[in-house]
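My questions all concern the structure below.
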Amino acid sequence: MKKNCLTCGYEEGRYVLPPLPYSPASLEPLLDEETVLLHHDKHHAAYVSGANAAADTLQRVATGELAAEEAPYAARLLAFNLGGHILHCLYWESITGATGGAPEGRLADAINHSFGSMEGFEKTFRAVTMGVQGSGWGVVGMDPVSGLLRIFGIERHHDILAPGFEPILACDVWEHAYYLRYHNNRAGYVDSFLKHIDWEKTQQRLTAICHE
Ligand code: MN3
């Protein structure tokens, strides 16, 4: 994932869980340490394991060790688990314990161009992310056709997503992301997320995918 500056682990032919880019307590007041540790060490780790298992199955089909009939389901599992791995890497780098940041420069321009204003962006992001049915993600990224920023409400880790879409910002709205602190108040969590976006890293990801 060097393409968009994301540190997402893959070493020696295996997906690996990258360490958190900060101490787990440092996301206060957005998230508590217990939520962050469970989320990273258990949930994110499980998607890494699942992606490796699915990739192994597909490799064994390719070498003839397993029957071809194993491939379709393994491919579905790979899409789900690799989607989870990528989005969690992006999530950890989307948030900060600090508040008061704001998009600047090229990112501010892209938000204004795509949504009319910061208020327009926040209103759309809140509505789409709140409206994700069941478990999923609110994701901001670049539409490769129009060059505009778009917001998708991804279901699970990979459903309802345009091919070629380049994500630069992700909000996990699976309940494991927020339930210990926010209980069933997804809106309160999403509002807090909007106040704790790491705009500097988001700007770096946008710059990395823009080709001048
Ligand atoms: Mn999660």
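Just so you know, all these numbers are worked out from the coordinates, no wet-lab data involved. Owing to the predicted nature of the structure, the values given are computational and were not obtained by experimental measurement. Here the Cβ is made from the backbone with ideal geometry for all residues, glycine too, and neighbour counts use every protein chain on show.
Just to confirm the filter: which GluC sites (Glu not before Pro) across the range 83-155 are DSSP coil and have at most 11 other Cβ within 10 angstrom of their Cβ?
Qualifying residues, ordered by number: GLU104.
Could I have the simple spin-label model distance between THR7 and TYR179, label points 7 Å from Cα toward Cβ, reported in nm to one decimal?
With each label point 7 Å from Cα toward Cβ, the separation is 3.0 nm.
Could you rank the peptides 20-26, 7-13 by their average count of other C-beta atoms within 10 Å per residue, with the highest value first?
The most tightly packed comes first, giving 20-26, 7-13.
Right, here's the next one. Taking the Cα centre of the range 85-212 as origin, work out the dipole magnitude from +1 charges on Lys and Arg Cβ and -1 charges on Asp and Glu Cβ, in debye rounded to 20.
240 debye
If you don't mind, another one. Using the charge dipole of the chain (Lys, Arg: +1 at Cβ; Asp, Glu: -1 at Cβ; taken about the Cα centre), state which of LEU87, SER26, ILE168 has its Cα farthest towards the positive end.
ILE168
If you don't mind, there's one more thing I want to ask. Select from GLY101, ILE197, MET130 the residue farthest towards the positive end of the dipole of the chain; place +1 on Cβ of Lys and Arg, -1 on Cβ of Asp and Glu, and compute about the Cα centre.
MET130
Where the centroid of each part is defined by its Cα atoms, how far is the range 21-68 from the range 126-197 in Å?
Centre-to-centre (Cα) distance: 19 Å.
Next up: In nanometres, what is the gap between the two model label sites at ALA71 and HIS113, each 7 Å from Cα along Cα-to-Cβ?
4.1 nm
About the Cα centre of the range 32-92, what is the dipole size in debye to 20, counting +1 per Lys and Arg Cβ and -1 per Asp and Glu Cβ, all else neutral?
220 debye
Right, another one. Does the chain come out rounded, prolate or oblate, given a ≥ b ≥ c as the square roots of the eigenvalues of its C-alpha gyration tensor, rounded meaning a/c under 1.5 and, failing that, prolate meaning a/b above b/c?
prolate
Got a sec? Which residues in the range 139-157 would a label at ALA187 touch, if it sits 7 Å along Cα→Cβ and we count backbone N under 20 Å?
139, 153
Let me ask something additional. For the chain, set up a Gaussian network in which alpha carbons nearer than 10 Å are linked by springs, and say which option among LEU30, LEU90, LEU58 fluctuates the most.
Per the Cα network of the chain with a 10 Å cutoff, LEU58 tops the list.
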